[in-house]
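Peer 1: Sharing a structure with you now.
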Amino acid sequence: MSKYVGGALIPTLKIDRSDRSNLTMQLTVALRDLILSGDLAAGTRLPASRTLARDQRVSRTTVINAFDQLAAEGLIDSKVGAGTYVSAGLRPARPAAAAQPPENLPHLSRLGRDVPDPYFPRLGHPVAPRAFVTGMPAFDAFPVALWSRISSQYWRGERAAMMSYPDTAGLGALREAICQHLRANRGLVCQPGHVFVFSGAQDAFTQIGRMLVNVGDKVWLENPGAIGARNAFLSCGAEPVPVPVDEEGIDVAAGLKLSPDFRLAFVTPAYQHPLGVTLSLERRMRLLEAAEEAGAFIVEDDYVGEFHYGEATLPPLKALDGGQRVIYVGTFSKTLFPAVRLGFAVMPPVLVPMVERTLAAIAHGVAHAIQGIAARFIAEGHFAAHIRRMRGIYAERRDALMRAAERHLAGRLDVRPTETGFHAVGLIPKALPDERVIAEAALAAGLAVTPLSRYALRPIAQRGVTLGFSAVPPVEIERGVRTLAGVIDDLAA
Ligand SMILES: Cc1ncc(COP(=O)(O)O)c(C=O)c1O
């Protein structure tokens, strides 16, 4: 600290002179900060009030008032005739900012410490639609004007109902509307009291994990499988058991060999994420049996079950559950749009009281307005009509992908036909480069294709990429396929 005869130089002391009403407070705060940070050490002599007033272009009264305040706080001592000093024996009260990486910080929870673990990387969701993005509905076809009209109607409701804390289990009208939707669109009969509303399926997975998974519990995860759900269970301390997936879906026999004592199994029966296979009826029965024997629960993620383009699909696994093993999770991210952040879980009756109690104890519910608007949208029949219309639009986009793939990708990618969902899988012939190399080159060309290995916890047999077809219209899909063919040719050359 340089000194001069009139006390310490304080070059960092800055006063905002445009804020004239508050000069004493500003000067007090600025000096207090310098003392507490140690920049003005104990015993340092401060400039005389007249000098400081001149330097800072404030009145001497302003400085004297600031000094009085700091003296009252015990930070400085004024001795008549001898000047003003930072109180002797004062240690800087504020520790320096920690320079350690977050994983070395002493007070992090297990989750905070383990999040940077290599298991956790998640796909960045592009915010704007482009060719081959997976899991993104068609923003261009959403009836925004209708949604906006229903939103305005909602806000004309009764104030207490709109503005107070929502029921932690979910808005009654939405829970009823969800049952109506599941019966009509998924052949699943349930009671509103068993339906719980969450901020998206991801929130449902995390809350379910918190309620059912203890640290070290074995959780079957499809391999390859959904990254978000995997992270939700890992974040609760689950020990992951990656179970292989073949043409019939999760290989239950392999799962039983790896870990017969599993506590939870996470599956995507309608459209395995990311491989796109449907869980066969036989496997469904074996999975239910295995869960019954292990006393485990099954989380069924039906993220795109509403969108099938051929013959009717199998009903959800939950519809076959004679015991009380299956928790069915649905989302409005695909049927409406992801920003709505609405999802739901249909719980087995045996779990309902525990879920009610837990949510009431630790949660404060999901935004009331968005639940109310969605409930109206469903109850007035717009949702069913929207899904019917979107099935047609997605079928066209799927057809565009398959036609263009036949024309431009033969020998380059084996694009597997699909009757459900928002994406197809393109398997890579042996002679071609690694799927990551293809995906990176495609990304550089503006295409969002994802290598299958990104979804895998253990190496998998399949080599390929996902090709989303839902987000953009047929012309863009065709253009994307031609670009992708060029990218692959360049790499192969
Ligand atoms: C497999 C899977 N399940 C569910 C979801 C939906 O999650 P959320 O409802 O939180 O948007 C996604 C979204 O990308 C997904 O990929």
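Peer 1: Using 7 Å Cα-to-Cβ label points, what is the GLN191/LYS257 separation (nm, one decimal)?
Peer 2: 4.3
Peer 1: Calculate, for GLN324 and MET163, the FRET efficiency according to 1/(1 + (r/R0)^6) with r their C-beta to C-beta distance and R0 30 Å; round to the nearest 0.05.
Peer 2: The pair GLN324/MET163 has a calculated efficiency of 0.20.
Peer 1: Please rank VAL115, VAL252, VAL189, fewest neighbouring Cβ atoms within 10 Å first, as an exposure proxy. Please list the in-between numbers first.
Peer 2: Working: VAL115 16, VAL252 24, VAL189 11.
The fewest-first ordering by Cβ neighbours comes to VAL189, VAL115, VAL252.
Peer 1: What ³J(HN,Hα) values, in whole Hz, does the Karplus curve 6.51 cos²θ - 1.76 cosθ + 1.60 give for the stretch 426-431 when θ = phi - 60°, with x put for Gly and Pro?
Peer 2: Running phi through 6.51 cos²θ - 1.76 cosθ + 1.60 with θ = phi - 60° gives x, 7, 9, x, 4, 5 Hz.
Peer 1: Which order results if GLU300, GLU247 are arranged by neighbouring Cβ count within 10 Å, fewest first? Write down the numbers at each step before the final one.
Peer 2: Values: GLU300 27, GLU247 9.
Result, fewest neighbours first: GLU247, GLU300.
Peer 1: Helix 144-154 against the longest principal axis of the chain: what's the angle in degrees, Cα atoms only, rounded to the nearest 10?
Peer 2: 70
Peer 1: Determine, for ASP321, ASP117, the number of other Cβ atoms within 10 Å of each Cβ, and report the residues in order from fewest to most.
Peer 2: Numbers: ASP321 19, ASP117 11.
Sorted ascending by nearby Cβ count, the order is ASP117, ASP321.
Peer 1: Also, quick follow-up: So how much slack lies between ALA312 and THR358, counting 0.36 nm per residue of separation and subtracting their Cα-Cα distance, in nm? List each step's numbers first, then the result.
Peer 2: On the way: separation 46, 0.36 × 46 = 16.56 nm, distance 3.70 nm.
So the extension gain works out to 12.9 nm.
Peer 1: Label points 7 Å out from Cα along the Cβ direction at ASP246 and LEU443: separation in nm?
Peer 2: 3.3
Peer 1: Non-local amide H neighbours of VAL133 (under 5 Å, H modeled in plane, Pro and chain starts lacking H): which ones?
Peer 2: Here the answer is ALA448, GLY468, since their amide H atoms fall under 5 Å of that of VAL133.
Peer 1: How large is ³J(HN,Hα) for each residue in the stretch 215-226, as worked out from phi by the Karplus curve 6.51 cos²θ - 1.76 cosθ + 1.60 (θ = phi - 60°), to whole Hz, x for Gly and Pro?
Peer 2: Calculated HN-Hα couplings, in order: 4, x, 5, 7, 10, 6, 10, 4, 10, x, x, 5 Hz.
Peer 1: Rounding to the nearest 20 debye, state how big the charge dipole of the chain is about its Cα centre with +1 on each Lys and Arg Cβ and -1 on each Asp and Glu Cβ. Before the final figure, lay out the partial values.
Peer 2: On the way: 53 positive and 48 negative charges, 383 e Å.
Computed about the Cα centre, the dipole is about 1840 debye.
Peer 1: I would also like to ask the following. Would you please give the FRET efficiency between LEU146 and ARG407, computed as 1/(1 + (r/R0)^6) with r the Cβ-Cβ distance and R0 = 35 Å, to the nearest 0.05?
Peer 2: Values: r = 37 Å, r/R0 = 1.06.
Given R0 = 35 Å and the Cβ-Cβ separation, E is 0.40.
Peer 1: Within the stretch 404-429, which residues have the backbone N less than 15 Å from the label spot 7 Å out from ASP489 along Cα→beta-carbon, could you tell me?
Peer 2: Within reach of a label on ASP489, which here means backbone N under 15 Å from a point 7 Å along Cα→Cβ, the stretch 404-429 contributes 405-413.
Peer 1: Then there's this: Length gain on complete extension for the stretch ARG458 to ARG57, per 0.36 nm per residue less the alpha carbon to alpha carbon distance?
Peer 2: On the way: separation 401, 0.36 × 401 = 144.36 nm, distance 6.83 nm.
Separation in residues times 0.36 nm, less the Cα-Cα distance, equals 137.5 nm.
Peer 1: A further question follows. Order these peptides, 450-460, 394-404, by their mean beta-carbon neighbour count within 10 angstrom, highest first. Each step should come with its number before you reach the end.
Peer 2: Values: 450-460: 18.0, 394-404: 19.7.
Packing order, densest peptide first, comes out as 394-404, 450-460.
Peer 1: List the residues, sorted by chain then number, that are 5 or more residues from ILE76 or on another chain and whose placed amide H is less than 5 Å from its amide H.
Peer 2: Under 5 Å from the amide H of ILE76: ALA71, SER87.
Peer 1: Per-residue HN-Hα couplings for the stretch 447-454, Karplus 6.51 cos²θ - 1.76 cosθ + 1.60 at θ = phi - 60°, whole Hz, x for Gly and Pro?
Peer 2: 10, 9, 10, 10, x, 4, 4, 4
Peer 1: Can you tell me the 0 to 90 degree angle between the C-alpha axis of helix 368-379 and the longest principal axis of the chain, rounded to 10?
Peer 2: Relative to the chain, helix 368-379 is tipped by roughly 20 degrees.
Peer 1: Subtracting the Cα-Cα distance from 0.36 nm times the residue separation, let me have the gained length for ASP399 to ASP19 in nm, one decimal. Walk me through the numbers before you get to the answer.
Peer 2: Working: separation 380, 0.36 × 380 = 136.80 nm, distance 6.53 nm.
Difference between extended and current length: 130.3 nm.
Peer 1: Between LEU342 and residues 5 or more places away or on another chain, which pairs have amide H atoms under 5 Å apart, with H built 1.01 Å from N, and which residues are they?
Peer 2: GLY200, PHE332, SER333
Peer 1: So if we plug the beta-carbon distance of ASP414 and ALA72 into 1/(1 + (r/R0)^6) with R0 = 56 Å, what FRET efficiency do we get, rounded to 0.05?
Peer 2: Numbers: r = 80 Å, r/R0 = 1.42.
The calculated FRET efficiency here is 0.10.
Peer 1: Could you give the angle, 0 to 90 degrees to the nearest 10, between helix 382-408's Cα long axis and the longest principal axis of the Cα atoms of the chain?
Peer 2: 80
Peer 1: Extending each Cα 7 Å along its Cβ direction at VAL215 and MET285, get the distance between those two points in nm, one decimal.
Peer 2: In this crude spin-label approximation the distance works out to 4.2 nm.
Peer 1: What does DSSP give for the stretch 141-384 in terms of the percent of beta bridges that are antiparallel, rounded to the nearest 5?
Peer 2: Working: 10 of 27 bridges.
Around 35 percent antiparallel, to the nearest 5.
Peer 1: Show me 152-158, 220-226 ranked by packing, highest mean number of other Cβ atoms within 10 Å first.
Peer 2: Details: 152-158: 11.1, 220-226: 26.0.
Going from most to least packed, we get 220-226, 152-158.
Peer 1: Antiparallel versus total DSSP beta bridges in the chain: what percent is that, nearest 5?
Peer 2: Taking every DSSP beta bridge with both residues in the chain, the antiparallel ones total about 65 percent.
Throughout, read-outs are computed from the coordinates displayed, never taken from laboratory work. Remember, predicted model here, so these are calculated numbers, not experimental data. Glycine gets a Cβ as well: all are built from the backbone with ideal geometry, and neighbour counts include every protein chain shown.
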